[in-house]
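The values are calculated or read from the model by the stated rules, or taken from the named source; none is laboratory data. Worth saying up front: this structure is predicted, and the values here are computed from it rather than measured. When we count neighbours, we look across all protein chains shown, and the Cβ atoms used for this are built from the backbone with ideal geometry, even at glycine. Each accessible area value is taken on the protein alone, full model and side chains, heavy atoms only, with ligands, DNA and RNA left out. Shrake-Rupley method; radii C 1.70, N 1.55, O 1.52, S 1.80 Å.
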Amino acid sequence: MAGKVKVKMKTDRGVAKRFKKTGSGHYKCRHQNLRHILTKKTSKRKRQLRDMVCVKTCNLRAIARQLPYA
């Protein structure tokens, strides 16, 4: 292997566990605020936090850079 070797980009494993790429090219993730101190939150609020949500466009570039092979 003399000569130039192509260096692979590393995937950020923390980001890979939190975000998934959709078929349309967006990224989906879970809501925050659903881990602890749930007694003071209403049932409606907890139910709405269960859904997946698409990442906002202002954060897409940063996530795409950390997931090069997604």
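Per-structure values
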item	result
Failed criterion for VAL15 (all others in (1) open to solvent by 90 Å² or more (accessible area, probe 1.4 Å); (2) part of a helix (DSSP H, G or I); (3) touching a residue at least 40 places away in the same chain (Cβ under 8 Å) hold)	(1)
Matching residues in the stretch 30-70 - criterion: being more than 17 Å from the chain's Cα centre (by Cα) and open to solvent by 100 Å² or more (accessible area, probe 1.4 Å)	HIS36, THR39, LYS40, LYS44, ARG45, ARG47, GLN48
The stretch 28-60, residues that are free of Cβ contacts under 8 Å to residues at least 12 places away in the same chain and under 13 Å from VAL15 (Cβ atoms)	ASN59
Enumeration of residues in the stretch 18-29 that are over 20 Å from LEU49 (Cα atoms) and open to solvent by less than 80 Å² (accessible area, probe 1.4 Å)	GLY25
Number of positions in the stretch 18-58 that are part of a helix (DSSP H, G or I) and farther than 23 Å from ALA70 by Cα	7
